[in-house]
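Have a look at the structure below before the remarks.
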Amino acid sequence: MAFTLYSLLQAALLCVNAIAVLHEERFLKNIGWGTDQGIGGFGEEPGIKSQLMNLIRSVRTVMRVPLIIVNSIVIVLLLLFG
Amino acid sequence: MHPTGLAAAGSSGTTRQPAKRRIPVGSQPGMADPHQLFDDTSSAQSRAYGTPRAPSGLGYPAASASPQAAFLADPVSNMAMAYGSSLAAQGKELVDKNMDRFFSVSKLKYYFAVDTMYVGRKLGLLVFPYLHQDWEVQYQQDTPVAPRFDINAPDLYIPAMAFITYVLVAGLALGTQDRFSPDLLGLQASSALAWLTLEVLVILLSLYLVTINTDLTTIDLVAFLGYKYVGMIGGVLMGLLFGKIGYYLVLGWCCLSIFVFMIRTLRLKILAEAAAEGVPVRGARNQLRMYLTMAVAAAQPLLMYWLTFHLVR
């Protein structure tokens with residue numbers, strides 16, 4: 001059971017990469033998860049689906065540049081140290 | 001290759017000679033050495049007083065009878081010490097200033113404001129929460145009361161100590177089975193920390209998705225999730241003493257206690273309005289919250305078993 005912090009970091013990086021790769025027009029709109037389809041008025045309960053769509057959109061916006069940096073560092077380190 | 005290698009070694013050896021040759025420099029006291037930053041005043045003193053003192057200064061190793069006293073007493077090292085201590089003070093200021101930007105140390109201090117009675121009663125509550133009636137945290141002008149004064153307040157002392165004790169007990173258990181090696185300790189600690197981090201992230205994500213407005217901060221959550229280490233330690237120790245039967249008995253008891261403890265504590269934080277009335281509510285929103293509380297509480301015994309079963313054979 002070698003579930004270490006390092007593997008957690010790897011998994012987190014891969015998950016964030018996966019979220020960043022979801023294409024807005026080709027994929028998310030087709031399954032109804034586009035960012036312009038989520039406005040649901042000013043009701044009290046945003047609902048799980050709109051929360052999830054908000055989360056995906058914010059992760060993609062915020063993590064775009066840091067992901068480039070972190071991915072480059074990880075690629076270089078993995079090439080050097082295997 | 002070899003002759004050139006030897007020649008290189010020889011030449012580097014000769015270039016190192018001048019540095020070594022600076023030791024018996026008492027023959028030239030007071031002369032300005034280009035590598036010296038300050039004037040060599042002690043040799044003038046020694047010449048005046050005739051005491052055999054090693055000439056001090058940068059680059060000269062002290063070789064007198066009391067090297068430490070001579071080293072500490074001369075002005076150069078005084079200045080070096082003053083410079084070093086001012087550097088250390090500046091570094092400490094820098095670290096403090098930047099630490100405040102990431103997480104406030106004063107908030108963290110609240111979680112360590114415990115005393116022995118609190119720790120004792122809290123440990124008792126963790127193992128036997130069935131008779132405790134009032135689970136509300138008392139407030140004092142909008143801020144929760146320190147753990148010292150209220151047994152229901154979460155603290156970080158018990159989880160931190162329990163975590164470290166768990167790693168040590170895991171090492172002990174592995175040692176009694178001849179499976180111990182020092183890097184396994186680090187692996188156990190890292191694994192437990194990784195599970196804790198994963199739990200915190202999953203719970204925060206689900207709290208965000210279900211849009212629950214609680215005053216449950218991240219550190220509170222870490223504190224509540226860290227309480228299960230107490231049961232784990234008890235189980236492993238009993239397993240060491242009494243074998244598998246003892247392990248299963250104590251672990252089962254502690255699992256049940258942690259389950260009840262988590263439900264009663266989280267009910268107040270997550271299901272705030274429903275808990276205030278004291279009746280289980282049937283609305284869809286509250287049902288979702290109840291499911292979340294049950295899921296968090298049910299994950300505790302599972303993790304307690306998962307993190308300890310390989311330690312008891």
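The values are calculated or read from the model by the stated rules, or taken from the named source; none is laboratory data. Note that the coordinates shown come from a computational prediction; the quantities given were computed from them, not determined experimentally. With ideal geometry, Cβ positions are generated from the backbone for all residues, glycine too; neighbour counts draw on all protein chains shown. With ligands, DNA and RNA removed, areas are computed over all heavy atoms of the protein, side chains included. Shrake-Rupley method; radii C 1.70, N 1.55, O 1.52, S 1.80 Å.
B:Leu225 meets each of the listed conditions (1) more than 30 Å from A:Asn54 (Cβ to Cβ); (2) in contact with a helix residue (DSSP H, G or I) (Cβ under 6 Å, 6 or more places away or on another chain) apart from (1).
Answer yes or no as to whether B:Leu184 is modelled with pLDDT under 90, hydrophobic (A, V, I, L, M, F, W, C), under 25 Å from the mean Cα position of the chain (by Cα) and assigned to a helix (DSSP H, G or I). Criteria met by B:Leu184. Scanning the stretch A:54-63 for residues that are closer than 16 Å to A:Ala12 by Cβ and either in contact with a Gly (Cβ under 9 Å, 6 or more places away or on another chain) or open to solvent by 60 Å² or more (accessible area, probe 1.4 Å) (or both) returns A:Val62, A:Met63. The residue that is farthest from B:Met304 (Cα to Cα), counting only those in the stretch B:175-198 that are within 11 Å of another protein chain (Cβ to nearest Cβ) and touching a residue at least 60 places away in the same chain (Cβ under 8 Å), is B:Ser191.
For B:Val169, the conditions (1) open to solvent by less than 20 Å² (accessible area, probe 1.4 Å); (2) assigned to a helix (DSSP H, G or I); (3) in contact with a Phe, Trp or Tyr (Cβ under 9 Å, 6 or more places away or on another chain) are fulfilled apart from (3). Looking across the stretch B:181-205, the residues that are open to solvent by 30 Å² or more (accessible area, probe 1.4 Å) and farther than 18 Å from A:Phe3 by Cα come down to B:Leu204, B:Leu205. From the list B:Ala153, B:Ala160, the lone residue that is assigned to a helix (DSSP H, G or I), out of contact with any helix residue (DSSP H, G or I) (no Cβ under 6 Å at 6 or more places or on another chain) and open to solvent by less than 90 Å² (accessible area, probe 1.4 Å) is B:Ala160. Out of B:Arg148, B:Arg121, one residue alone is open to solvent by 60 Å² or more (accessible area, probe 1.4 Å) and part of a helix (DSSP H, G or I). It is B:Arg121. Take the conditions (1) surrounded by 10 or more Cβ atoms within 10 Å (Cβ to Cβ); (2) of a type in the set (Phe, Trp, Tyr); (3) at pLDDT 90 or above; A:Phe81 misses just one of them, which is (1). The sole residue among B:Leu256, B:Leu240, B:Leu225 that is surrounded by fewer than 17 Cβ atoms within 10 Å (Cβ to Cβ) and more than 14 Å from chain A (Cβ to nearest Cβ) is B:Leu256. Each residue in the stretch A:1-28 was checked for being facing chain B (nearest Cβ under 8 Å) and either loosely packed, with under 13 Cβ neighbours inside 10 Å or over 25 Å from B:Leu187 (Cα atoms) (or both), and 3 pass.
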